[in-house]
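Step one of this worksheet: look at the structure below.
The values are calculated or read from the model by the stated rules, or taken from the named source; none is laboratory data. On a predicted model such as this, the values are computed, not experimentally measured, just so you know. Cβ placement follows ideal geometry from the backbone for every residue including glycine, while neighbour counts extend to all protein chains displayed.
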Protein chains: 2
Amino acid sequence: MSDYVAPLKDMRFVLNELAGLNEVSALPGYEEATADVVDAIMEEAAKLASDVLAPLNATGDREGARWSDNAVTMPAGFKGAYRQFADNGWGGLDCPVEFGGQGLPKLVAAVVSEMWRSANHAFSLCPLLTRGAIEAIELTGSQEQKETYLPKMISGQWTGTMNLTEPQAGSDLAAVRTRAEPQADGSYRIFGQKIFITYGDHDMAENIIHLVLGRLPDAPEGVKGISLFVVPKFLVNADGSLGGRNDAYCVSIEHKLGIHASPTAVMAYGDHGGAVGYLVGRANEGLKYMFIMMNAARYSVGLEGLGLSERAYQMALAYAKERIQGRAIEGSSASVAIVRHPDVRRMLMLMRSQTEAMRALSYTVAAAIDKALRHPDPAERARQQAFVDLMIPIVKGWLTETGNEITWLGVQVHGGMGYIEETGAAQLLRDARITTIYEGTTGIQANDLIGRKVARDGGATLRAVIVLMREAQQAAAKDAALSELATAFSSSVDALERATAHLLACFASDIRGTSVGAVPFLKLLGIVSGGWLMTRAALAAQAHLAAGEADSFYAAKVASAAFYAAHVLAAAPGLAQIVVGGGASALAIEDDLL
Amino acid sequence: MSDYVAPLKDMRFVLNELAGLNEVSALPGYEEATADVVDAIMEEAAKLASDVLAPLNATGDREGARWSDNAVTMPAGFKGAYRQFADNGWGGLDCPVEFGGQGLPKLVAAVVSEMWRSANHAFSLCPLLTRGAIEAIELTGSQEQKETYLPKMISGQWTGTMNLTEPQAGSDLAAVRTRAEPQADGSYRIFGQKIFITYGDHDMAENIIHLVLGRLPDAPEGVKGISLFVVPKFLVNADGSLGGRNDAYCVSIEHKLGIHASPTAVMAYGDHGGAVGYLVGRANEGLKYMFIMMNAARYSVGLEGLGLSERAYQMALAYAKERIQGRAIEGSSASVAIVRHPDVRRMLMLMRSQTEAMRALSYTVAAAIDKALRHPDPAERARQQAFVDLMIPIVKGWLTETGNEITWLGVQVHGGMGYIEETGAAQLLRDARITTIYEGTTGIQANDLIGRKVARDGGATLRAVIVLMREAQQAAAKDAALSELATAFSSSVDALERATAHLLACFASDIRGTSVGAVPFLKLLGIVSGGWLMTRAALAAQAHLAAGEADSFYAAKVASAAFYAAHVLAAAPGLAQIVVGGGASALAIEDDLL
């Protein structure tokens, strides 16, 4: 397997020229996140990613997490790597300073997170879940809960999990059955089984803080009766030291297609008298709390699509330059490296240009998250939040769908060697396959997009984004070198407008027919959003070239944007046509004729 | 894992209404292949597929083929299943009667082959490779070689392999280095290493007949110096009994993403003094012989895309009908099966309609293969052969690319359960992943298509197919129930014509730029060919409905065709645009800037 090297140059370009790091550094509380500081952080993260995490990716996959006697043993090297990760403060990068975090912007955390995901997707899930649990406690926990759990979770001494799914309750949390019995001391006894619990058990940290959705005895049915509980693996004494083992056990782990080093646990709560749990926030509001955190979790999974794509591209490119096979198609006396073959080049450019577009979009959304939290102007905060809400299903859905396509292409570039596990390309494909499923399938993202994010505000937020897209398109049209790109991008925005108009016109009257087009609409908005940022990237690169800068990075960026316009945006009118005209034929026959 | 049930009804529909079984039965030598006989064969094959082969699919995947001491042990049950398969004569279905085969048409073999591939892809590769070796010996071997090998290979007593690839010679056979030293007795000693040899060793048959590409001492360099040799695992005595062990050993097998039960061998020839081999056909003409067989091999791999898709669809549909999760999007008091969710329905229809289109195309091509071989009119034979030559890269390339998409969707329909190996959906995805690579990658199919199959005859063969497409389109346009389908299909044929015109105009002057569009062109011709046959299917179904037949199969077929037109053909204009305008941007930057 080839090495991973963080693409620092493109990361800096996106940070500074597209996502607006300078605007984020100007927000109250983020003044220390200057370009120099961020650069130093990125270089340190890049070293950890390349030197420590990336080499464990293949070995972790082969060895896998192992379960016996209700406990999980991680693959060799993971415990040490985690210790280094935690000791260097990476777990608390964007966590509150008052509990020991570094208080840096989400934008910086996003860049660093991309590296963890590229280097070792399975490893990166432990801090991802812990970060989610930290946020849950920070936003909804009592002061005592915060003081008890946050410092040790932020320092990485303890990790966290999210326990939502049950066998009958996957996408539909209304069906959750885990129950919580109130005790005289104000605590609860938790009884129930949870499945698909990422890092539900492991041996890398001394305690695991489980956040568990369950029902109080008098709770209403459905989603309005779900409460959130904190259930530590080891109880915590008043002085913060560890007490007895709680009745929360990992009774098995799943045998999965990928992310073998990430233990996916079946958790049994209360099989031996009841697991001690504590209510977080108010009773029956657990689902609301989950929704608060869902944006962050979905955003994080989107970065997995990006990180895996970058790794797949690096691996495929290295192989394509090294593998000598066949003559050049236009004729050559000697055999050539396969990168010379036009179809291999096409695949590599698909990988490269879409990875760049995904990076540009995800960092831009991260900057908007920071602005939505910290901007001094409430109207601007609201505007940024609306943009974030619109884009979260795109970051989750489009980046993970595209990540699946790109890791698939990574195998294809390797030819027969791609099918051999030792090569490493197939692992990326296997690891990527979960990303369009967990934290809400693409279908669920797409329903969220067309319903809550587009139809609900009458398309206002999306229209504001389309205005920005048109501005970029018009700027590009003025540059002769970008005129083809501008034309292709313009057609794709036209397609987006057609699809949006149909959606707004028909969502209320034909929700089933409109929903058939939900995923095609998500993909359409994804590729056009990517086209918007690649157009902006090309404009920025052209400005550098016009200023006489000789760096070939800028010429490559313009070429990448042009390729994206010609090969990726070409799909936009077809997607719009499916949104507009695909509803009836999908629903024409009865289920039993399928 | 759900059961596999052969889709006999759709198979019969395609056989009789689209591929023209009656025309094939009318060919000299195929008179016995009447509809009744074929039906009886299909029902027997369906039983073997469902009862014997399908249950071994998951267990074979888990256990895998195992190697030790230069020999491969197959997973439990495979030896017995193979014995039953061979004893029932399935290995010789379309083989020459004079050597013990049943002499049935390729069309019948195609239907039955689809079942083997759906039931157990890994198992089906053994007869597939054996069939290829039979054909090689039949077409190019001496009478003595035919008498020595064919009866026992056709009976399944012995199996066969094809040894092409070496570490430095994958897609490029010019780089083959295996050498053959002439011996005084007219035989050769073979020295060399071959990799990726499917069923290079196993314990299901008493002998294995290896066909090996190598070079004579005085052979010219490159592809013009490659000869074909037959190298049996056990030497064969003059009386047909088995002699000594030949110096041809499986020295390891690969650890692959999928098809775990199919041993992929590294074969060492001549490590202990030289493997005894015999020249097949004339010296230095081995590559030509390989090309003769390549159509058959590529066609067979295309059927894997179809077979895996059918299995994935059956599995996903069963799960979608059984899994209760969430409320109906238009509102429902109770939870519903997920088949009710519009996006799940969309995915199932994508799986179903494309599987039907692939079946229709592949059987139609099989019928053309039969006509090209047996039609009494030489002009008709030539016309059918040209159609077959054009369509082989489509059957190989489009069916396997689509098979990858459909097995991917199969996992998605299962949600989180799809990622768990025990479910079985992920195995189909893993097994499918090789199909776009072996027997020539999609890129190689696409280069063959645009160069040898389209540009070389100035587009004449393709234009003749487009005439047939237009006829179907015009017929559909006359039926009000099919007018939307006809419009969508017409646009897709327009797109195909635009792309073809560009290809013909620019292939000679800009071979690199044109080749960037090769795979998009292959996909375009694939989906439009599928659209042609789905249009014909809809017309045939409408005729039955018009005749008052109450069978809901026909209404479902019309709906499937309409869905295909709205959702699959919608991509055609975008693909054409890539073919026409995607060359320059893909090649704009130097390789070292990638």
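Go through the residues of segment A:539-554 one by one and say whether even a single one is within 24 Å of the chain's Cα centre (by Cα) and of a type in the set (Gly, Ala, Ser). Spell out how you get there, then give the answer.
Initial filter on segment A:539-554 (within 24 Å of the chain's Cα centre (by Cα)): none.
Taking every residue of segment A:539-554 in turn, none turns out to be within 24 Å of the chain's Cα centre (by Cα) and of a type in the set (Gly, Ala, Ser).
Please indicate, with yes or no, whether at least one residue in segment A:426-440 is part of a helix (DSSP H, G or I), under 30 Å from B:Met417 (Cβ atoms) and charged (D, E, K, R).
Step one: list which residues in segment A:426-440 are part of a helix (DSSP H, G or I), which gives A:426-432.
Remaining after also requiring under 30 Å from B:Met417 (Cβ atoms): A:426-432.
Adding the requirement that they be charged (D, E, K, R) leaves A:430-431.
Checked against the condition, which is being part of a helix (DSSP H, G or I), under 30 Å from B:Met417 (Cβ atoms) and charged (D, E, K, R), segment A:426-440 yields at least one hit.
Applying the selection to segment B:425-458, what residues are of a type in the set (Asp, Glu) and facing chain A (nearest Cβ under 7 Å)?
Filtering segment B:425-458 down to residues of a type in the set (Asp, Glu) leaves B:431, B:439, B:448, B:457.
Once the filter is applied, which keeps residues that are of a type in the set (Asp, Glu) and facing chain A (nearest Cβ under 7 Å), segment B:425-458 yields nothing.
So B:Gly156 ticks every box in (1) in contact (Cβ under 8 Å) with a residue 60 or more places away in the chain; (2) in contact with a strand residue (DSSP E or B) (Cβ under 9 Å, 6 or more places away or on another chain) but one. Which box is left unticked?
Just one mismatch for B:Gly156, condition (2).
What are the residues in segment B:279-338 that are part of a loop (DSSP other than H, G, I, E, B), closer than 30 Å to A:Glu221 by Cα and within 30 Å of the chain's Cα centre (by Cα), if any?
At the first step, the residues of segment B:279-338 found to be part of a loop (DSSP other than H, G, I, E, B) are B:281-285, B:323, B:325-336.
Checking the rest, the ones that are also closer than 30 Å to A:Glu221 by Cα come to B:323, B:325-336.
None - no residue of segment B:279-338 is part of a loop (DSSP other than H, G, I, E, B), closer than 30 Å to A:Glu221 by Cα and within 30 Å of the chain's Cα centre (by Cα), so the list stays empty.
For A:Gly244, all conditions in the list (1) touching a residue at least 24 places away in the same chain (Cβ under 8 Å); (2) more than 14 Å from every other protein chain (Cβ to nearest Cβ) hold save one; what is the number of the exception?
Condition not satisfied by A:Gly244: (1).
How many residues are within 22 Å of the chain's Cα centre (by Cα) and surrounded by fewer than 20 Cβ atoms within 10 Å (Cβ to Cβ) if we restrict to segment B:183-197?
The first filter runs over segment B:183-197 and keeps only residues within 22 Å of the chain's Cα centre (by Cα), leaving B:195-197.
With surrounded by fewer than 20 Cβ atoms within 10 Å (Cβ to Cβ) added as a condition, the list becomes none.
The number of residues fulfilling the criteria is 0.
How many residues does segment B:1-31 hold that are over 21 Å from the mean Cα position of the chain (by Cα), part of a loop (DSSP other than H, G, I, E, B) and touching a residue at least 24 places away in the same chain (Cβ under 8 Å)?
Of the residues in segment B:1-31, 7 are over 21 Å from the mean Cα position of the chain (by Cα), part of a loop (DSSP other than H, G, I, E, B) and touching a residue at least 24 places away in the same chain (Cβ under 8 Å).
Conditions tested, residue by residue: (1) at pLDDT 95 or above; (2) within 14 Å of chain A (Cβ to nearest Cβ); (3) under 17 Å from B:Leu213 (Cβ atoms).
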| residue | (1), (2), (3) |
| --- | --- |
| B:Val251 | yes, no, no |
| B:Glu254 | yes, yes, no |
| B:Ser262 | yes, yes, no |
| B:Leu279 | yes, no, yes |
| B:Ala297 | no, no, yes |
| B:Leu303 | yes, no, no |
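Listed here are the residues, each with its yes/no results for (1) more than 27 Å from the chain's Cα centre (by Cα); (2) within 21 Å of A:Ile578 (Cα to Cα).
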residue	(1), (2)
B:Ala472	no, no
B:Ala475	yes, no
B:Leu485	yes, yes
B:Phe489	no, yes
B:Ser492	no, yes
B:Leu496	no, yes
B:Thr500	no, no
B:Cys506	yes, no
B:Ser509	yes, no
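Can you tell me how many residues in segment A:75-114 are in a loop (DSSP other than H, G, I, E, B), surrounded by 19 or more Cβ atoms within 10 Å (Cβ to Cβ) and among the aliphatic types (A, V, I, L, M)?
2
Consider A:Ala169 carefully, then state whether it is within 14 Å of chain B (Cβ to nearest Cβ), surrounded by fewer than 24 Cβ atoms within 10 Å (Cβ to Cβ) and not β-branched (Val, Ile, Thr).
Details: within 14 Å of chain B (Cβ to nearest Cβ): yes; surrounded by fewer than 24 Cβ atoms within 10 Å (Cβ to Cβ): yes; not β-branched (Val, Ile, Thr): yes.
For A:Ala169, the condition - within 14 Å of chain B (Cβ to nearest Cβ), surrounded by fewer than 24 Cβ atoms within 10 Å (Cβ to Cβ) and not β-branched (Val, Ile, Thr) - is met.
Restricting to segment A:386-424, what's the tally of residues that are more than 9 Å from every other protein chain (Cβ to nearest Cβ) and either within 18 Å of B:Thr442 (Cα to Cα) or part of a helix (DSSP H, G or I) (or both)?
Within segment A:386-424, the first condition is being more than 9 Å from every other protein chain (Cβ to nearest Cβ), and the residues that meet it are A:386-403, A:405-407, A:409-410, A:413, A:423-424.
If we keep only those that are either within 18 Å of B:Thr442 (Cα to Cα) or part of a helix (DSSP H, G or I) (or both) too, we end up with A:386-403, A:405-407, A:409-410, A:413, A:423.
Counting residues in segment A:386-424 that are more than 9 Å from every other protein chain (Cβ to nearest Cβ) and either within 18 Å of B:Thr442 (Cα to Cα) or part of a helix (DSSP H, G or I) (or both) gives 25.
Condition check: out of contact with any Leu (no Cβ under 8 Å at 6 or more places or on another chain) and closer than 24 Å to A:Pro127 by Cβ. Does A:Gly20 satisfy that?
On the way: out of contact with any Leu (no Cβ under 8 Å at 6 or more places or on another chain): yes; closer than 24 Å to A:Pro127 by Cβ: no.
The answer is no for A:Gly20.
Only one of (1) in contact with a Lys or Arg (Cβ under 9 Å, 6 or more places away or on another chain); (2) closer than 18 Å to B:Ile208 by Cα fails for B:Thr178. Which number is that?
B:Thr178 satisfies every listed condition except (2).
Scan A:Arg359, A:Arg327, A:Arg381 and give me the residue that is within 13 Å of another protein chain (Cβ to nearest Cβ), of a type in the set (Lys, Arg) and on the phi < 0 side of the Ramachandran plot.
Details: A:Arg359 fails: within 13 Å of another protein chain (Cβ to nearest Cβ); A:Arg381 fails: within 13 Å of another protein chain (Cβ to nearest Cβ).
One residue alone meets the criteria, A:Arg327.
Taking segment B:575-594 as the search range and keeping residues that are of a type in the set (Gly, Ala, Ser) and at the interface with chain A (Cβ under 7 Å from one of its Cβ atoms), which one is farthest from A:Gln314 (Cα to Cα)? Reasoning before the result, please.
Applying the first criterion (of a type in the set (Gly, Ala, Ser)) to segment B:575-594 yields B:576, B:581-586, B:588.
Those still in the list that are at the interface with chain A (Cβ under 7 Å from one of its Cβ atoms) too: B:581-582, B:585-586, B:588.
Working: B:Gly581: 27, B:Gly582: 23, B:Ser585: 20, B:Ala586: 18, B:Ala588: 19 Å.
Checking each candidate, the answer is B:Gly581.
Evaluate the following for A:Lys233: is it more than 14 Å from every other protein chain (Cβ to nearest Cβ), basic (Lys, Arg), under 21 Å from A:Leu125 (Cβ atoms) and touching a strand residue (DSSP E or B) at 6+ places or on another chain (Cβ under 6 Å)? Don't jump to the end; show me each part of the working.
Working: more than 14 Å from every other protein chain (Cβ to nearest Cβ): yes; basic (Lys, Arg): yes; under 21 Å from A:Leu125 (Cβ atoms): yes; touching a strand residue (DSSP E or B) at 6+ places or on another chain (Cβ under 6 Å): yes.
Yes: the conditions hold for A:Lys233.
Does A:Leu56 satisfy being buried (at least 18 other Cβ atoms within 10 Å of the Cβ), of a type in the set (A, V, I, L, M) and in a loop (DSSP other than H, G, I, E, B)? Please lay out each step first, then the result.
On the way: buried (at least 18 other Cβ atoms within 10 Å of the Cβ): yes; of a type in the set (A, V, I, L, M): yes; in a loop (DSSP other than H, G, I, E, B): no.
Judged against the criteria, A:Leu56 is not a match.
Quickly run through segment B:544-572 and pick out the residues that are surrounded by 22 or more Cβ atoms within 10 Å (Cβ to Cβ) and either within 7 Å of chain A (Cβ to nearest Cβ) or at positive phi (or both).
Quick first cut of segment B:544-572, residues surrounded by 22 or more Cβ atoms within 10 Å (Cβ to Cβ) only: B:557-572.
If the condition is that a residue be surrounded by 22 or more Cβ atoms within 10 Å (Cβ to Cβ) and either within 7 Å of chain A (Cβ to nearest Cβ) or at positive phi (or both), then B:Ala559, B:Ala562, B:Phe563, B:Ala566, B:His567, B:Ala570, B:Ala571 are the ones that fit.
So which of B:Ile190, B:Ile209, B:Ile195 ends up being outside any loop (DSSP other than H, G, I, E, B) and out of contact with any Lys or Arg (no Cβ under 9 Å at 6 or more places or on another chain)?
Details: B:Ile190 fails: out of contact with any Lys or Arg (no Cβ under 9 Å at 6 or more places or on another chain); B:Ile209 fails: out of contact with any Lys or Arg (no Cβ under 9 Å at 6 or more places or on another chain).
Among B:Ile190, B:Ile209, B:Ile195, only B:Ile195 is outside any loop (DSSP other than H, G, I, E, B) and out of contact with any Lys or Arg (no Cβ under 9 Å at 6 or more places or on another chain).
Report yes if B:Arg359 is buried (at least 24 other Cβ atoms within 10 Å of the Cβ) and modelled with pLDDT of 95 or more, otherwise no. Steps first, please.
Values: buried (at least 24 other Cβ atoms within 10 Å of the Cβ): yes; modelled with pLDDT of 95 or more: yes.
Yes; evaluated as a whole, the condition is true for this residue.
Please indicate, with yes or no, whether at least one residue in segment A:40-51 is buried (at least 17 other Cβ atoms within 10 Å of the Cβ) and outside any helix (DSSP H, G or I).
Looking only at segment A:40-51, we keep the residues that are buried (at least 17 other Cβ atoms within 10 Å of the Cβ), and these are A:41-42, A:45-46, A:48-50.
Now restrict to residues that are outside any helix (DSSP H, G or I): none.
No, there is no match, as no residue in segment A:40-51 is buried (at least 17 other Cβ atoms within 10 Å of the Cβ) and outside any helix (DSSP H, G or I).
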